[in-house]
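Take a look at the structure below.
The values are calculated or read from the model by the stated rules, or taken from the named source; none is laboratory data. Because the structure is a prediction, the values reported are computed rather than measured. Using ideal geometry, Cβ is built from the backbone for each residue, glycine included, and neighbour counts are taken over all protein chains shown. Heavy atoms of the whole protein, side chains included, go into the accessibility calculation; ligands, DNA and RNA do not. Shrake-Rupley method; radii C 1.70, N 1.55, O 1.52, S 1.80 Å.
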Amino acid sequence: MKLSYETSSALKILLFVLVVAGITLYFLLSPIITYKPVPFGVAAPKGQILLLENITLGNHSWENAVDLQKSLILMGSENYGNSVFLQLQTQGWCFDVVYWNGSSYFIGERCSRETAISRYLFIVTSSFYWYPESGYHLIFYKPNGKPEKYELVNFTVTYGEKSDWGAFKVAYPKD
């Protein structure tokens with residue numbers, strides 16, 4: 001049986017449309033079908049070595065301290081509310097919460113061991129990594145005494161029912 005030119009052309013066009021529609025549906029629906037939520041957790045620091053530095057923000061200064069503003073990275077795609085809780089586990093250490101209010105820095109909490117951070121103080125990327133806003137600083141320091149070289153500082157971060165650990169080792173910069 002021989003197909004007419006019109007019928008074979010119609011079948012070729014129909015086959016082409018079906019292939020294009022199938023590919024289009026695959027690219028549209030596969031992200032929806034294969035979507036997996038990103039579980040909440042601390043992405044960094046997870047044991048990295050952070051250098052101690054003398055930090056000055058406005059009229060406030062700290063000696064041998066670590067600012068987690070650029071080092072703290074959280075992750076997660078689920079919504080568990082508006083607050084993230086940070087709790088320091090290592091004895092002898094504490095942190096100050098410092099804000100930029102548009103004209104000067106002020107200390108919101110002084111030598112604290114736990115705090116609640118608004119979820120909205122984080123910039124969330126499309127890959128669900130959370131970075132602290134540029135005007136928000138968590139300054140970790142040892143108020144009594146000098147930190148030991150490679151001293152480990154542990155903390156936990158809790159968001160809703162999910163909790164994860166973070167840690168960093170402190171080191172003095174080379175002279």
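Residues considered: 109, 63, 78. Of these, the only one that is assigned by the TED database to the domain that holds residue 165, assigned to a loop (DSSP other than H, G, I, E, B) and either touching a residue at least 12 places away in the same chain (Cβ under 8 Å) or within 24 Å of the chain's Cα centre (by Cα) (or both) is 78. Remark: residue 146 matches the filter, which requires a residue to be over 18 Å from residue 45 (Cβ atoms) and basic (Lys, Arg). Of the residues in region 118-175, how many are touching a Pro at 6+ places or on another chain (Cβ under 9 Å) and of a type in the set (Val, Ile, Thr)? Looking only at that region, the number is 3. Is it true that residue 142 is at pLDDT 90 or above, more than 24 Å from residue 75 (Cβ to Cβ) and either of a type in the set (S, T, N, Q) or surrounded by 12 or more Cβ atoms within 10 Å (Cβ to Cβ) (or both)? Considered against the rule, which asks whether it is at pLDDT 90 or above, more than 24 Å from residue 75 (Cβ to Cβ) and either of a type in the set (S, T, N, Q) or surrounded by 12 or more Cβ atoms within 10 Å (Cβ to Cβ) (or both), residue 142 comes out as yes. In region 128-162, of all residues being assigned to a loop (DSSP other than H, G, I, E, B), touching a residue at least 40 places away in the same chain (Cβ under 8 Å) and more than 22 Å from residue 90 (Cα to Cα), the one that is farthest from the chain's Cα centre (by Cα) corresponds to 161.
Of the set (1) in contact with a Leu (Cβ under 7 Å, 6 or more places away or on another chain); (2) surrounded by 15 or more Cβ atoms within 10 Å (Cβ to Cβ); (3) without any contact (Cβ under 8 Å) to a residue 24 or more places away in the chain, all apply to residue 124 but (1). Among the residues of region 29-69, the ones that are at pLDDT 90 or above, charged (D, E, K, R) and open to solvent by 80 Å² or more (accessible area, probe 1.4 Å) come to 2 in all. Can you say whether residue 102 is part of a strand (DSSP E or B), among the small types (Gly, Ala, Ser) and open to solvent by 40 Å² or more (accessible area, probe 1.4 Å), as far as the supplied structure shows? Here the answer is no, as residue 102 does not meet what is asked.
Just one of the listed residues (48, 91, 69) is assigned to a strand (DSSP E or B) and closer than 21 Å to residue 147 by Cβ, and it is 48.
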